[in-house]
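A short reminder: the numbers here are calculations on the coordinates, not readings from a lab. All values derive from a computational prediction rather than experimental measurement. Every residue, glycine among them, receives a Cβ derived from its backbone with ideal geometry; neighbour counts consider all protein chains shown.
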Amino acid sequence: MERDPLAPPTTSSLTIALVDPASSTGRAVLRRFYTDIVGRYWGRDATDREVEQAMRDEPSDDLEGDTGFLVVLREGERVVGCGGARVIEPGVAELTRVFVDASTRGRGAGKTLVSEIEALSAERGIHTLRLTVRDDLAEAHGLYRRLGYEPVPPFSTSPYADHQLAKALRDVR
């Protein structure tokens, strides 16, 4: 049976790969992440200056090696998202830089992305993933709650940490 060309693609066409945050692919998708969250914060399109400042204020260069990792989500050859984990202390990491392009949202891509980050984290000896999320990122907050992230006592003083959640990782594959 042929697929209807007008139907939205399924998540089966999605792939995930590790990427260096300093690579051209890593920098490009992180710029898209920041463009999205800065724009959503202000309720308008983000300016280049605002995005560049956010990238300087919250660098991602530690999302590789022993300190963390970054993955990209692709639909075919097109990068449609990213996410990663930053090691906080032995066994504990922060779920961070989770982004799914608007064209791919609502089809399970966020669940696929977070589930893979959880699996990669568990393989690296992480037993707890924690995160912060802003109020205006309601879809992300809902996704995290559906995936089993629960409110925990505050661990961040960031002004953007409206919700602080964590999840104990088990055999997630």
Where only alpha carbons of the stretch 88-173 are counted, the Rg and the Dmax (Å)
12.6, 36
Counted neighbours (other Cβ, 10 Å), sorted fewest up, put 75, 58 in the order 58, 75
Quote the convex hull volume per residue of the stretch 41-98, based on C-alpha atoms, as a whole number of Å³.
122 Å³
In Å, descending, principal axis extents of the Cα set of the stretch 13-168:
36, 34, 30
Potential extension, residue 52-residue 157 segment - 0.36 nm per residue separation minus Cα distance:
35.5 nm
Nothing charged except the Cβ atoms of Lys and Arg (+1) and of Asp and Glu (-1): what's the magnitude of the dipole of the chain about its Cα centre? Round to the nearest 20 debye.
380 debye
Among 83, 143, 21, flag the residue with its Cα farthest along the positive direction of the charge dipole of the stretch 13-168, charges on Cβ as +1 for Lys/Arg and -1 for Asp/Glu.
143
